[in-house]
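Working notes, structure below.
The values are calculated or read from the model by the stated rules, or taken from the named source; none is laboratory data. Computed from a predicted model, the values in this text were never measured in an experiment. Neighbour counts run over all protein chains shown; Cβ positions are idealised from the backbone, glycine included. These accessible areas exclude ligands, DNA and RNA; they are computed on the full protein's heavy atoms, side chains included. Shrake-Rupley method; radii C 1.70, N 1.55, O 1.52, S 1.80 Å.
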2 protein chains.
Amino acid sequence: MTRADLALIGFGNVGSRFAELLEDRASRLAADHQLTCRIAGRATRRTGAEYEGQPCRDPFEMVQRLAASDADLRIVVETTTLDIRNGEPAIAHVRAAIEAGCHVVTANKGPVAFAYADLRDAAARAGVQFLFEGAVMDGVPIFNLVRETLPAVTILGFEGVINTTTNHIITSMEQGETFENALARMQADGIAEADPSLDVDGWDAAAKTAALANVLMGAQLTPHDVRRTGLDTNTGEAARAAIARGKRLKLVASARLAAGAVTCIVEPRELPAGHLLAGLDGAANALILETDVLQRIAICQLSGSLTQTAYALLSDIIAIARCPQTP
Amino acid sequence: MTRADLALIGFGNVGSRFAELLEDRASRLAADHQLTCRIAGRATRRTGAEYEGQPCRDPFEMVQRLAASDADLRIVVETTTLDIRNGEPAIAHVRAAIEAGCHVVTANKGPVAFAYADLRDAAARAGVQFLFEGAVMDGVPIFNLVRETLPAVTILGFEGVINTTTNHIITSMEQGETFENALARMQADGIAEADPSLDVDGWDAAAKTAALANVLMGAQLTPHDVRRTGLDTNTGEAARAAIARGKRLKLVASARLAAGAVTCIVEPRELPAGHLLAGLDGAANALILETDVLQRIAICQLSGSLTQTAYALLSDIIAIARCPQTP
């Protein structure tokens, strides 16, 4: 039996659902993966940090205590919220964990969107894993899909609908709702944030796009390098005009490799009715990968939830248990 | 560097494309996976069997010679054609290879559709891998997707369009072509077989359905246990009637777990326009997995080719090189 000690940095909705899922799947982890996980420490901005019930000065001290554990695996689980200016404090948390010799799993887009190559190289030097399946499309495998199941394939580009809030808003506006009403309803339903600009202005999609381009295509971009157009009060009319022409408007995130450089764009785009992305309803996400050997393949998340983000963290932890060394 | 010796049983279109792809990706396999592959033997019905240039009595003698190789990995690559009555001779080839201590990769549906549990257990006893990504949706990862990236997830059912010939025929008939003309054109284009009954009567889809149910859902079925309705001369009218109602007719392969038993069905089914499978054009395939944790996720192959089937074999070989022990 492999024994894993975990320290959680961030314990909001995702973190607490992760703790529930861990308990729910405990017997399965033991039976199928000979793995037993224990949450040894927790750090939140509101309640501070503790490890084994003892208070810590800050998350960094908690990481040092985890690093001293005699468990088979020491894993930091990072789920703080994204700061779109620079990806902090998540990057500092991830770096500290790696340098202390702990594995890291995160659902935060910041580290991969702002500092992927650095953190990947640091993890390789430290002989630990740095995994982040939850950064894009929750628990639906994207990064693990390409790494584990598409060896010797080159990703030439991608095109996706990867932000749920804007997809919900556009779908509502197609049916005649105003931008303001659609947004207010999303906020009341808990789908959109109190400050919706991260979603509506395309920043969330841009961060995911940079993350995908960095990891899958070897780019070294930040979300600020993505050509970005969000939704505005004119989007509803554009969405209804598209419908009238038998098409659909979607906030499309895309990347393309040309002349050795990766260009990333997030923008509302009119798609023909037969396009795979055109058919996605509000809650659905999908990513089409353009590859050399397999041409175009797509993976779709037909419904999203907090449990799925929590599962992304769990699937990364199982990946570490299967292969604790950096590949 | 890991050195793999391969023996190919079957060397038709898929086998020869595989040999080309192996050469094309050789430097990438060496650089990314420290793997060098050499085709040491070949057996076909037409030309007989040879190993290292020396003739063999039959494929079984070739397998014995491969088993005596001092390479790091000894892998049998099985690509004979499916016999829908019983899955032979592929099952006998796979069993002989496993019992001789060789790993096996195959694009043949027979072994997984007729004898999965037996062959899986035999491989576990022999300490070798038995992989078959190419049996369904060519090189698009299905089996490897679930095994490698969806740990601790239970598959409750699936629904897919997984036979390209029938999807082409239905799409053509929607546009007014007769069944006979559509089929003749597919045969002229090399998409349908000279004997099209395997596709048209739903046997190919039934074999894939049994393979998926056996591997992903723990069923122990054969293609003959799948409730199967193929296409006939009335399908064109049904397809056009569906279009007139704003729907699409598709040959849908599905499985469902209920009361501890897995029920599999292949049949033409009318789907609402917004359904993910409804939008697939002739060459596209897709599989929707119903899961416990991630609800519904889908993987789509937007275009198919022989190279993609060849890639399935290659991706399985790389998976063996990464993890030569049975999990």
(request) Mark the label point 7 Å from the Cα of B:ASP70 along Cα→Cβ and return the residues of the stretch B:97-111 whose backbone N is within less than 20 Å of it. (result) B:101-103
(request) Based solely on C-alpha atoms, express the radius of gyration and the Dmax of chain B in angstrom. (result) 20.0, 64
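So what is the calculated 222 nm ellipticity per residue for the protein assembly as shown, using -39500 (n - 2.57) for each DSSP H run with n of 4 or more, over all residues, to the nearest 500 deg cm²/dmol?
Values: 22 runs with 246 residues, N = 654.
-11500 deg cm²/dmol, from helical runs alone.
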(message) On a straight-distance basis, which lysines could pair with A:LYS208 in a cross-link, Cα separation under 17 angstrom, same-chain partners fewer than 8 positions away excluded?
(response) A:LYS109, A:LYS250
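Please go through the stretch B:237-308 and write out the trypsin sites (Lys or Arg not before Pro) that DSSP classes as loop and that have at most 16 other C-beta atoms within 10 Å.
Numbers: sites: B:ARG240, B:ARG245, B:LYS247, B:ARG248, B:LYS250, B:ARG256, B:ARG269, B:ARG296; in loops: B:ARG245.
Qualifying residues, ordered by number: B:ARG245.
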(message) Residues of the stretch B:66-101 with backbone nitrogen within less than 18 Å of a virtual label 7 Å along the Cα-to-Cβ line of B:ARG125, please, listed as ranges.
(response) B:91-101
(request) Output, in nm with one decimal and in ascending order, the distances from the A:ALA273 label point to the matching label points of the other copies (7 Å from Cα along Cα-to-Cβ). (result) 0.4
(message) As an exercise, use a Förster radius of 25 Å and the Cβ-Cβ distance of A:ASP58 and A:ARG322 to find the FRET efficiency, rounded to the nearest 0.05.
(response) 0.20
(message) Suppose R0 equals 22 Å. What FRET efficiency, 1/(1 + (r/R0)^6) with r the Cβ-Cβ distance, do B:ARG85 and B:ASP195 give to the nearest 0.05?
(response) 0.95
(message) To test your reading of the geometry: what angle, between 0 and 90 degrees and rounded to tens, separates the Cα axis of helix B:90-99 from the longest principal axis of chain B?
(response) 40
(request) Could you please point out the chain A residue with its Cβ nearest to the axis of the rotation taking chain A onto chain B, and the distance in whole angstrom? (result) A:GLU148, 2
(request) Return one number: the angle in degrees, 0 to 90 and rounded to the nearest 10, between the long axis of the Cα atoms of helix A:179-188 and the longest principal axis of the Cα atoms of chain A. (result) 30
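Return the carbon/sulfur percentage of the accessible area of the stretch B:212-327, one whole number, probe 1.4 Å, all protein chains in place.
On the way: 2230 of 4460 Å².
Of the solvent-accessible surface of the stretch B:212-327, carbon and sulfur hold 50 percent.
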(request) Rounding to the nearest 20 debye, state how big the charge dipole of the stretch B:237-327 is about its Cα centre with +1 on each Lys and Arg Cβ and -1 on each Asp and Glu Cβ. (result) 220
(request) Would you kindly work out, in nm and rounded to one decimal, the distances from the label point of A:ILE243 to those of the same position in each other copy, ordered shortest first, with label points 7 Å along Cα-to-Cβ? (result) 2.5
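So what's the stretch A:34-167 giving for Cα Rg divided by 2.2 N^0.38 Å, two decimals? Intermediate results must be reported in sequence, preceding the final value.
Working: Rg = 16.0 Å, N = 134, 2.2 N^0.38 = 14.1 Å.
Normalised Rg, Cα atoms only: 1.13.
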(message) Based only on Cα atoms, what mean projected area does the convex hull of the stretch B:181-282 have, in nm²?
(response) 7.5
(request) Only bridges with both residues in the stretch B:39-137 count here: give the DSSP antiparallel percent, nearest 5. (result) 55
(request) Can you find, among B:ALA124, B:ALA278, B:GLY12, the residue farthest towards the positive end of the dipole of chain B? Put +1 on the C-beta of Lys and Arg, -1 on that of Asp and Glu. (result) B:ALA124
(request) Could you work out how far apart the two model spin labels at A:ASN13 and A:GLU99 are, taking each label as a point 7 Å from the Cα in the direction of the beta carbon, and quote it in nm? (result) 3.3
(request) In vacuum, with every alpha carbon of the stretch B:109-187 counted as one equal point scatterer, what does the Debye formula give for log10 I(q)/I(0) at q = 0.27, 0.28 Å⁻¹? Two decimals, please. (result) -1.30, -1.32
(request) Please list the radius of gyration and Dmax for the stretch A:223-327, considering alpha-carbon atoms only, with Å as the unit. (result) 17.5, 54
(request) Could you tell me the total accessible area buried at the B-A interface, probe 1.4 Å, in square angstrom to the nearest hundred? (result) 3500
(request) Could you work out how far helix A:110-126 tilts from the main Cα principal axis of chain A, as a 0 to 90 degree angle to the nearest 10? (result) 30
(message) If N is the number of residues in the protein assembly as shown, what value comes out of its Cα radius of gyration divided by 2.2 N^0.38 Å?
(response) 0.98
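Could you list the trypsin sites (Lys or Arg not before Pro) in the stretch B:1-70 that lie in coil according to DSSP, counting only those with at most 15 other Cβ atoms within 10 Å of their Cβ? All intermediate terms of the calculation are to be shown ahead of the outcome.
Numbers: sites: B:ARG3, B:ARG17, B:ARG25, B:ARG28, B:ARG38, B:ARG42, B:ARG45, B:ARG46, B:ARG57, B:ARG65; in loops: B:ARG25, B:ARG45, B:ARG46, B:ARG57.
The qualifying sites are B:ARG45, B:ARG46, B:ARG57.
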(request) Report the residue, chosen from B:THR44, B:THR165, B:THR209, that carries the largest GNM mean-square fluctuation when chain B is represented by alpha-carbon nodes joined by springs under 10 Å. (result) B:THR44
(message) Positive end of the dipole of the stretch B:122-202, charges at C-beta (+1 Lys, Arg; -1 Asp, Glu), about the Cα centre: which of B:VAL140, B:LEU183, B:ILE162 has its Cα farthest in that direction?
(response) B:VAL140
(request) With a probe of 1.4 Å, find how much accessible area the stretch A:209-327 has per residue, and write the answer as a whole number in Å². (result) 37
(message) Going 7 Å from Cα along the Cα-Cβ axis for the label, what nanometre distances separate A:CYS323 from the same residue across the other copies?
(response) 0.8
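Give me the extension gain from B:SER27 to B:THR154: residue separation times 0.36 nm, minus the current Cα-Cα distance, reported in nm with one decimal.
Working: separation 127, 0.36 × 127 = 45.72 nm, distance 3.79 nm.
Between B:SER27 and B:THR154, full extension yields an extra 41.9 nm.
Starting from the stretch A:119-166, pick out the trypsin sites (Lys or Arg not before Pro) whose DSSP state is loop and whose Cβ has at most 15 other Cβ atoms within 10 Å. Before the final figure, lay out each step's value.
Values: sites: A:ARG120, A:ARG125, A:ARG147; in loops: none.
Passing both the DSSP loop test and the Cβ count: no residue.
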(request) Name the residue farthest towards the positive end of the dipole of the protein assembly as shown from the options B:ALA244, A:PHE60, A:GLY48, assuming +1 on Cβ of Lys and Arg, -1 on Cβ of Asp and Glu, about the Cα centre. (result) A:PHE60
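For the protein assembly as shown, what is the charge dipole size about the Cα centre, in debye to the nearest 20, if Lys and Arg each add +1 at the Cβ and Asp and Glu each add -1 at the Cβ? Before the final figure, lay out the partial values.
Details: 60 positive and 78 negative charges, 41 e Å.
Dipole magnitude for the protein assembly as shown comes out near 200 debye.
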(message) How big is the stretch A:1-73 along each principal axis, measuring the range of its Cα positions in Å and listing the largest first?
(response) 37, 29, 15
(request) Would you work out the charge dipole size for the stretch A:1-124 about its Cα centre, treating the Cβ of every Lys and Arg as +1 and the Cβ of every Asp and Glu as -1, and quote it to the nearest 20 debye? (result) 240
(request) Using R₀ = 22 Å, calculate the FRET efficiency as 1/(1 + (r/R₀)^6) where r is the Cβ-Cβ separation of B:ALA244 and B:ASP281; round to 0.05. (result) 0.70
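Stokes-Einstein D for the stretch A:91-146 at 25 °C, 0.890 mPa s, Kirkwood Rh over Cα pairs, in µm²/s?
Numbers: Rh = 11.2 Å.
Translational diffusion coefficient: 218 µm²/s.
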(request) Report ³J(HN,Hα) in whole Hz for each residue of the stretch B:49-55, in order, from the Karplus equation J = 6.51 cos²θ - 1.76 cosθ + 1.60 where θ = phi - 60°; Gly and Pro get x. (result) 10, 9, 9, 6, x, 9, x
(request) Determine the share of the stretch A:21-102's accessible area contributed by carbon and sulfur atoms, expressed in whole percent, with a 1.4 angstrom probe. (result) 46
